[in-house]
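The values are calculated or read from the model by the stated rules, or taken from the named source; none is laboratory data. Every value quoted in this text rests on a predicted model; they were computed, and no experiment measured them. Backbone-built Cβ (ideal geometry, glycine too); neighbour counts: all protein chains shown.
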Amino acid sequence: MTRVLLLNGPNLGRLGVREPEVYGSLSFADLVTSGAQWGSELGLEVEVRQSDDEAELVHWLHEAVDTRSDVVINPAAFTHYSYALRDAAAQVTKGGLRLIEVHISNPYAREEFRHLSVIGPVATGTIAGFGFDSYRLALLALAG
Ligand code: DQA
């Protein structure tokens, strides 16, 4: 069975409380539940994690390479400036695994600093702007 690490960056543990007008009213706990449910519907083994810590996210991307897991990642604010995360993401895709960058909102419709993704160029693909459905669509792409 395809194993997928569904990783979330800083402040995404605050979903439901943080700017609900942008990110919606569902919580991170809801994402954990949905991720497991979507995984079982699609025949994927999905593990949902969140960290505010760049180093921990980098280590989880190394783990994806070592365990041959595909990745769905919402790098949150790290999207826009973390070369460490980009270098780790590149190891995933250059290692023959798939990595899909996901955003709940559409960063291109927001402030200018959000228009740049340093992860996008090394990702397999990007899905943004569909709320929690962005994650489901990414899993659908991996299952297909
Ligand atoms: C986000 C968009 C980022 O610009 C922001 O820093 C986030 C969340 C999204 O899911 O829409 O934290 O990645």
For the stretch 92-114, enumerate the residues that are more than 10 Å from the ligand (Cβ to nearest atom), assigned to a strand (DSSP E or B) and without any contact (Cβ under 8 Å) to a residue 40 or more places away in the chain.
-> Leu99
Within the stretch 122-144, work out how many residues are surrounded by 17 or more Cβ atoms within 10 Å (Cβ to Cβ), over 10 Å from the mean Cα position of the chain (by Cα) and in a strand (DSSP E or B).
-> 1
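Quick test for you: out of Asp70, Asp52, pick the one residue that is closer than 17 Å to Thr126 by Cα, touching a residue at least 40 places away in the same chain (Cβ under 8 Å) and among the acidic types (Asp, Glu). Let's see the steps before the verdict.
Numbers: Asp52 fails: closer than 17 Å to Thr126 by Cα.
Criteria check complete, one pass: Asp70.
Looking at Glu41, Glu19, which one is modelled with pLDDT under 95, more than 17 Å from the chain's Cα centre (by Cα) and acidic (Asp, Glu)?
On the way: Glu41 fails: modelled with pLDDT under 95.
Step by step, each of Glu41, Glu19 is checked, and only Glu19 is modelled with pLDDT under 95, more than 17 Å from the chain's Cα centre (by Cα) and acidic (Asp, Glu).
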Within the stretch 11-27, can one find any residue that is free of Cβ contacts under 8 Å to residues at least 40 places away in the same chain and away from the ligand (no atom under 16 Å from the Cβ)?
-> no
Only one of these is closer than 18 Å to Pro10 by Cα, more than 16 Å from the ligand (Cβ to nearest atom) and of a type in the set (Gly, Ala, Ser): Ala64, Ala89, Ala55. Name it.
-> Ala55
